[in-house]
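Read the structure below first, then the notes.
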Amino acid sequence: MNISSVILWIILLFFPVMALYWRRYAAFSIYILGCAAYLYSTWRNSDGWEDLADFATLLVIVIPLYILACLVWVFTLWMERRRKSK
């Protein structure tokens, strides 16, 4: 395991931990889904193309899931503030 993969996992796990800390459970579940997809991609048996497959999984599945989770987080925050202002 090289330093770039350690940094990537720190970044990937930072968002779910913060979502859980701030009790944004919908965003947390989407973040965990992205982590699970990337974890599956890194643990499956491969035939020599694992680096390219991991990168493709990150670009095609994980990053869009993280963007979706961020949007869900912002939407729930907006709804909560809107509800408190009434």
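The values are calculated or read from the model by the stated rules, or taken from the named source; none is laboratory data. All values reported here derive from a predicted model rather than from experimental measurement. Counting neighbours? That spans all protein chains shown, and the Cβs are built from the backbone with ideal geometry, glycine included. Only protein heavy atoms, including side chains, enter the accessible area calculation; ligands, DNA and RNA are left aside. Shrake-Rupley method; radii C 1.70, N 1.55, O 1.52, S 1.80 Å.
Observations on the structure shown:
- Placing unit charges on the Cβ atoms only, positive for Lys and Arg and negative for Asp and Glu, gives the chain a dipole magnitude near 980 debye about its Cα centre.
- Taken along its principal axes, the alpha carbon cloud of the chain reaches lengths of 58, 21, 15 Å, longest axis first.
- DSSP H segments from the chain that extend 27 Å or more along their own axis, Cα-based, with Kyte-Doolittle mean of -0.5 or above: 63-85
- Portion, in percent, of the accessible area of the chain that falls on carbon or sulfur, probe 1.4 Å: 71
- Calculated P(r) of segment 1-40 - Cα pairs past 11 Å, %: 61
- For the chain, the solvent-accessible area works out to 76 Å² per residue, with a probe of 1.4 Å and every protein chain left in place.
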